[in-house]
Amino acid sequence: MSLLKVTNLGKSFGGVKAVDGISFELAKGELLALIGPNGAGKSTTFNMVNGQLKADQGSITLDGTELIGLKPREIWRLGVGRTFQIAETFASLTVVENVQMALLSHDHKLFSMWRRASDHKRDEALALLDQVGMKSQADRPCSVLAYGDVKRVELAIAMANDPKLLLMDEPTAGMAPKERNSLMALTKQLVIDRGMAVLFTEHSMDVVFAYADRMIVLARGRLIAGGKPLEIRDHPKVQEVYFGTGKTFEKKKQTEPTA
């Protein structure tokens with residue numbers, strides 16, 4: 001049964017159709033990669049699912065609940081988490097305080113700042129950090145962390161609302177190959193352990209082919225292909241689109257990632 005269902009989704013800016021009637025579904029326990037060249041409509045699609053943009057047409061449902069028309073905070077409280085291409089954390093706060101701030105927001109206590117944030121659900125915040133391998137650095141300021149560790153903290157923050165669906169916008173951007181694989185292996189394990197779904201965009205094809213269960217491909221706002229990674233790799237239309245951007249898919253045996 002589908003957790004996320006997107007039907008005939010469309011968005012225009014002026015006379016330009018950024019997203020042109022796309023439809024896809026995402027099940028629990030599944031990593032779905034949304035790929036395409038620059039200007040394909042990936043970010044616009046993400047921002048409509050997240051509520052930052054309102055669709056001109058179509059439907060987006062999460063467990064049968066319509067998301068179009070809801071604010072990002074309302075969608076977040078329904079169980080949709082998100083990470084960003086550029087990691088967003090409070091550099092002046094400690095690692096654990098960053099996660100506690102997210103827990104405060106989830107508990108509708110964001111504006112009760114007269115109470116010490118450091119007293120709020122510290123044990124729960126530490127448990128989330130433990131899941132992403134950052135518990136040992138809980139009391140360090142985020143400002144001193146390596147970038148790969150900041151991305152792990154952001155992942156813990158995104159998990160603060162116990163999401164059914166996690167949106168990851170180019171999660172490995174700016175990371176070295178070893179860090180990329182480490183973060184995506186961790187994400188894959190969280191999907192398995194929690195039974196949640198992940199929709200992610202990514203330009204690193206090695207990451208996509210190693211970790212995605214399925215892929216959908218956009219070009220000029222339209223969905224041109226969908227299927228398993230090996231099916232997409234050999235799809236003529238996808239090859240044509242990526243050849244036009246200078247990208248190629250290396251044909252080698254897919255190996256199962258280790259968590």
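Kindly check whether there is at least one residue in the stretch 176-184 that is more than 21 Å from LEU129 (Cα to Cα), modelled with pLDDT under 90 and assigned to a loop (DSSP other than H, G, I, E, B). Yes, because at least one residue in the stretch 176-184 is more than 21 Å from LEU129 (Cα to Cα), modelled with pLDDT under 90 and assigned to a loop (DSSP other than H, G, I, E, B). Looking only at residues of the stretch 1-52 that are assigned to a loop (DSSP other than H, G, I, E, B), in contact (Cβ under 8 Å) with a residue 12 or more places away in the chain and among the small types (Gly, Ala, Ser), we find that the one that is farthest from ALA210 (Cα to Cα) is GLY51.
In the stretch 51-72, the count of residues that are among the hydroxyl-bearing types (Ser, Thr, Tyr) and under 12 Å from LEU167 (Cα atoms) is zero. Taking the stretch 185-200 as the range and being touching a strand residue (DSSP E or B) at 6+ places or on another chain (Cβ under 7 Å) and either outside any loop (DSSP other than H, G, I, E, B) or free of Cβ contacts under 8 Å to residues at least 24 places away in the same chain (or both) as the test, the residues that pass are THR187, LYS188, VAL191, ALA197, VAL198, LEU199, PHE200.
The values are calculated or read from the model by the stated rules, or taken from the named source; none is laboratory data. Please read these numbers as outputs of a predicted model, since none were measured by experiment. With ideal geometry, Cβ positions are generated from the backbone for all residues, glycine too; neighbour counts draw on all protein chains shown.
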